[in-house]
1. Tell me, yes or no, whether region 44-52 has at least one residue that is among the small types (Gly, Ala, Ser) and within 20 Å of the chain's Cα centre (by Cα).
2. For residue 55, work out the one condition from (1) of a type in the set (Asp, Glu); (2) within 16 Å of the ligand (Cβ to nearest atom); (3) not in a strand (DSSP E or B) it doesn't fulfil.
3. Could you grab me the full set of residues in region 1-48 that are among the polar types (S, T, N, Q), at pLDDT 95 or above and either assigned to a loop (DSSP other than H, G, I, E, B) or more than 23 Å from residue 74 (Cα to Cα) (or both)?
4. Could you grab the pairs with beta carbons closer than 9 Å, sequence gap of 6+ or different chains, first residue in region 26-47 and more than 15 Å from residue 91 (Cβ to Cβ), second one of a type in the set (Lys, Arg)?
5. What pairs come out if I take residues in region 71-96 that are among the small types (Gly, Ala, Ser) and pair them with residues that are surrounded by 12 or more Cβ atoms within 10 Å (Cβ to Cβ) whose C-beta lies under 7 Å away, six or more apart or interchain?
6. Return a yes/no flag: does region 26-49 have any residue that is surrounded by fewer than 14 Cβ atoms within 10 Å (Cβ to Cβ) and within 16 Å of the ligand (Cβ to nearest atom).
7. Go over the candidates 12, 70 one by one and state the one that is within 16 Å of the ligand (Cβ to nearest atom), among the acidic types (Asp, Glu) and farther than 30 Å from residue 95 by Cβ.
Amino acid sequence: MPKLKNNFSCPDCGSTVKAWADLDAQVTFEISKSGKLVKRIIENVQQSDGRCGVECSKCSWAVYGEDMDDDSPFAKFVGEALGQQADIQFLTAKRV
Ligand SMILES: [Zn+2]
């Protein structure tokens, strides 16, 4: 067991931990009179089931938000990640 650098490192390997929150997005178009999709918007339609969590950037350690103890040092980060995704109203697409 490696020595922990701080409370916010991976408890298994000491690497950086990532906090994540899913968002549900919808792409919407208007159908023009000539039959084309126009005015594309991509909107956050707000997931309602609180999908979020933390995961290690290196190993397979991960905890889902719903399985997280309230006194976990990571609890505030998943809440914050969830809050930040809720603040996103529109998204932009990068085409490949
Ligand atoms: Zn790890």
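1. Let us first name the residues in region 44-52 that are among the small types (Gly, Ala, Ser), namely 48, 50.
Imposing the further condition that a residue be within 20 Å of the chain's Cα centre (by Cα) reduces the set to 48, 50.
So far as region 44-52 goes, yes, one or more of its residues are among the small types (Gly, Ala, Ser) and within 20 Å of the chain's Cα centre (by Cα).
2. (3)
3. 15, 26, 28, 32, 34, 44
4. 30/39; 30/40; 32/39
5. From residues that are among the small types (Gly, Ala, Ser), the pairs are 75/68; 81/19; 81/20; 81/21; 81/52; 86/46; 93/42.
6. no
7. Details: 70 fails: within 16 Å of the ligand (Cβ to nearest atom).
Residue meeting the stated conditions: 12.
The values are calculated or read from the model by the stated rules, or taken from the named source; none is laboratory data. Since the structure is predicted, the reported quantities are computational estimates derived from the model, not experimental observations. A quick note on method: Cβ atoms are made from the backbone with ideal geometry, for glycine too, and the neighbour counts reach across all protein chains shown.
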